[in-house]
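**Q** What follows is a structure written as structure tokens; I'll ask about it next.
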Amino acid sequence: MSMNRQGRVSRPEGETAANTETFTGNRALMLEEPLIFEIGNEHTTGVDLPYPPLDFEGKGTAREASGGGAAGVAGGLTPAAPPPPSAVPLPEQARGGFEGLLRTRPIGLPGLSEPEATRHYTRLSRQNYAIDLGLFPLGSCTMKHNPRLNEKVARLPGFADVHPLQPQETVQGAYALIYLVADWLCKLTGMPAVAMSPKAGAHGELCGLLAIRSALEARGDMRSVVLVPESAHGTNPATAAFAGYAVENIPATPEGRVDFEALKRRLGPDVAAVMITNPNTCGLFERDMKRIADAVHAAGAFVYCDGANFNAIVGRVRPGDLGVDAMHINLHKTFSTPHGGGGPGSGPVVFSAALAPFAPLPFVEKQGDHYHLVEEETAEEHHAHSFGRMVAFHGQMGMFTRAAAYMLSHGADGLRQVSEDAVLNANYILRSLDDLLDAPFGDSGPCMHEALFSDDGMAEGFTTLDIAKGLIDEGFHPMTMYFPLVVHGAMLVEPTETESKANLDQFIGALRSVAARAKNGDPSLKAAPHFAPRRRLDETLAARKPVLVWKDPEVAQAAE
Amino acid sequence: MTRYFTKDHEWIDVDGDAATVGITDYAQGQLGDVVFVEVPDAGRQLSQGGDAAVVESVKAASDVYAPVSGTVTEGNAALSDTPDLVNTSPEADGWFFKLTLSNPSELDGLMDEGAYKEFVAGL
């Protein structure tokens, strides 16, 4: 028998060399990728386009004119034989009908072949973290799984290919779907009306405040102040200011909820509305909500509820029962549509009976089996008090289809379980860490969908930022940090209902390990992240001297 | 010239009815590296406790309140290019704005240096 006796080594030998430099700068699957401007050039293109028209070409100077010999670069020309470089301007008589239209210098866009472009963006995407890669504990952002069923439904041609200006008879199915989502939102919130058109949470806040403003104007009672508790979302005061109101803060109680007595003292004839986030940004349910709403209504003002955290209570609490007059719902948070919606998102606003007449146009109405849009031309009969339009058309159809798929696939009992699991997961995190990390409101009862910690107890010089950077090394996106402002060095963790107990246990283990290093003053944590594509960045320099535009190093040097 | 402090961590130097306002060393320490400052224009009317300026650090954006009511005479133009003055010299070169007092009796409600130190120690 002849046999190769040499064999092949099948176990690692020798020292591991974590600090070995590579020739390419790549580290195995972690590929170092330059900016597109640094790899592109003006001689490459992914698309072949035909030559310019013959009569123009026949004059023999068109290609020269397109850019000093950089043939067909941005114009996409790939001549069989590149013309000789030439900076000679096109003779006047040769320009024919193209007088004044020809480029005289290169356009300056990087050219790449198709495989180069594909690899560039795929490589960049591998340096990113995403909900499809792992737990994304950003508090107050609700990074939950986007079910693939939603995507399948959204891509059905009857939904994906409609145009907002199509004849209404040809899009009855799309209207029926908008109506269905609207109906579910009204029933889940216990509110009689909903505006589907706002494009995001903060846009929804503005929609709600404009309705409140219109209602006050309609009764001849202009008011000037909007009260915003410390535990509200940061967009709330911005919205109130944008809507033309002065903003006043209402303090929080030591247990992290709205100070009802302080709020009540401040109510008066100048207060237009109170904006309350419930559950609030400390992760707590505002137990006094009904009492607050009654007091606000008694003072002639309205209650705006920031419904961004509706995902913690959907199926269990109906904000309409608590006296809320207007509330936006972030479809991406509660109903699993992608963040940003692929641009734009969707933030429908539900309204109480008092505000419903002032809701914006357009909206879908059902008569018998037929759906139609109520717009300016048809609004006069029964919606004459609308404050106007938030957007040109009827809302973000792609988000409505995904939300509808989520609602129908979960059902009422499934949505209730969503909020229960989200709250259970957050409490599991809170109670698995509160012996090691300071939980400032840990004694205020169970948290809702997010767990809040402070940086109290860290070793001298160690902060929340170090813990966040340490988590990157552990393979997690960091939690929300330094928000809410009422907690020093805040760390806000929102696991959502997406995560299994095994995933939560792994995350808890990682956070415990990093927190212990911060408490013990482990100097290597100050230098984290060690394993990310980029090490710790100088955020101060980036904010003080931001470099926002790429400049050709030669040009930049010449300019100095 | 007398220096007063507020519980929102502004200091105010008063000389007759002219005053200079900034934020305290404790405040800049809490904020971290300051990256942007917006100061009020001359002529703006401020009322005690109302928004007067904005200071932004890598951590957060915060409002600076008017310690007393008055009319702004000058905003510190140097802060737009060198916001780090707030970190390096919070209680001198990093001043925010100067104003003419309209109601000097409001000063009675502010703290002196000793009281402010005690206040900060209790935080």
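**Q** Determine which single condition B:THR20 fails, assuming it passes every other condition in (1) in a helix (DSSP H, G or I); (2) touching a Phe, Trp or Tyr at 6+ places or on another chain (Cβ under 9 Å); (3) hydroxyl-bearing (Ser, Thr, Tyr); (4) more than 14 Å from every other protein chain (Cβ to nearest Cβ).
**A** With respect to (1) in a helix (DSSP H, G or I); (2) touching a Phe, Trp or Tyr at 6+ places or on another chain (Cβ under 9 Å); (3) hydroxyl-bearing (Ser, Thr, Tyr); (4) more than 14 Å from every other protein chain (Cβ to nearest Cβ), B:THR20 is out only on (1).
**Q** Within the range B:29-36, identify whether any single residue is touching a Leu at 6+ places or on another chain (Cβ under 6 Å), among the aliphatic types (A, V, I, L, M), surrounded by 18 or more Cβ atoms within 10 Å (Cβ to Cβ) and within 14 Å of chain A (Cβ to nearest Cβ), and answer yes or no.
**A** Taking every residue of the range B:29-36 in turn, none turns out to be touching a Leu at 6+ places or on another chain (Cβ under 6 Å), among the aliphatic types (A, V, I, L, M), surrounded by 18 or more Cβ atoms within 10 Å (Cβ to Cβ) and within 14 Å of chain A (Cβ to nearest Cβ).
**Q** Here's another thing I want to ask about it. How many residues does the range A:320-344 hold that are surrounded by 24 or more Cβ atoms within 10 Å (Cβ to Cβ) and within 24 Å of the chain's Cα centre (by Cα)? Please lay out each step first, then the result.
**A** Filtering the range A:320-344 for residues surrounded by 24 or more Cβ atoms within 10 Å (Cβ to Cβ) gives A:324-337.
With the extra rule that they be within 24 Å of the chain's Cα centre (by Cα), the set shrinks to A:326-337.
Qualifying residue count, the range A:320-344: 12.
**Q** Within the range A:470-512, can you find the residues that are within 25 Å of A:VAL314 (Cα to Cα), away from chain B (no Cβ under 14 Å) and touching an Asp or Glu at 6+ places or on another chain (Cβ under 7 Å)?
**A** Hits for the range A:470-512 are A:VAL493, A:GLU494, A:GLU497.
**Q** Let me ask something else. Among the helices (runs of 4 or more DSSP H) lying completely within the range B:52-123, list those that include at least 2 residues that are over 16 Å from B:THR24 (Cα atoms).
**A** B:78-81
**Q** While we're on this one: Pick from the range A:297-354 the residues that are charged (D, E, K, R) and part of a helix (DSSP H, G or I): which of them is modelled with the lowest pLDDT?
**A** A:LYS333
**Q** Let me ask something else. So which of B:SER47, B:SER69, B:SER57, B:SER80 is among the small types (Gly, Ala, Ser) and away from every other protein chain (no Cβ under 14 Å)?
**A** Values: B:SER47 fails: away from every other protein chain (no Cβ under 14 Å); B:SER57 fails: away from every other protein chain (no Cβ under 14 Å); B:SER80 fails: away from every other protein chain (no Cβ under 14 Å).
Every option except B:SER69 fails the conditions.
**Q** Residues of the range A:513-553 being under 17 Å from A:THR464 (Cβ atoms) and within 14 Å of another protein chain (Cβ to nearest Cβ), which ones?
**A** Within the range A:513-553, A:ARG536, A:LEU537, A:GLU539, A:THR540 meet the criteria.
**Q** Another one. Which of the numbered conditions does A:THR281 fail, given that it passes all the others? Conditions: (1) over 26 Å from A:THR142 (Cα atoms); (2) part of a loop (DSSP other than H, G, I, E, B).
**A** (1)
**Q** Cβ-Cβ under 8 Å, sequence separation 6+ or interchain: first residue in the range A:515-529 and under 16 Å from A:LEU437 (Cα atoms), partner surrounded by fewer than 19 Cβ atoms within 10 Å (Cβ to Cβ) and of a type in the set (A, V, I, L, M, F, W, C). Which pairs?
**A** Listed pairs, sorted by first residue: A:ALA515/A:LEU436; A:ALA516/A:LEU436; A:ALA518/A:ALA459; A:LYS519/A:LEU436; A:LYS519/A:ALA459; A:ASN520/A:ALA459; A:GLY521/A:ALA459.
**Q** Find the residue count for the range A:221-235, including only residues that are surrounded by 15 or more Cβ atoms within 10 Å (Cβ to Cβ), modelled with pLDDT of 95 or more and farther than 17 Å from A:ILE292 by Cα.
**A** Within the range A:221-235, residues that are surrounded by 15 or more Cβ atoms within 10 Å (Cβ to Cβ), modelled with pLDDT of 95 or more and farther than 17 Å from A:ILE292 by Cα number 1.
**Q** Quick one: in the range A:294-315, which of the residues that are farther than 19 Å from A:SER224 by Cα and out of contact with any Lys or Arg (no Cβ under 8 Å at 6 or more places or on another chain) is surrounded by the fewest Cβ atoms within 10 Å (Cβ to Cβ)?
**A** The selected residue is A:ASP294.
**Q** Being under 26 Å from B:PRO104 (Cβ atoms) and modelled with pLDDT of 95 or more is the requirement here; does B:ALA78 meet it?
**A** Considered against the rule, which asks whether it is under 26 Å from B:PRO104 (Cβ atoms) and modelled with pLDDT of 95 or more, B:ALA78 comes out as no.
The values are calculated or read from the model by the stated rules, or taken from the named source; none is laboratory data. Values in this document were obtained by computation on a predicted structure and should not be read as measured data. In this analysis, Cβ positions are derived from the backbone assuming ideal geometry, glycine residues included, and neighbour counts consider all displayed protein chains.
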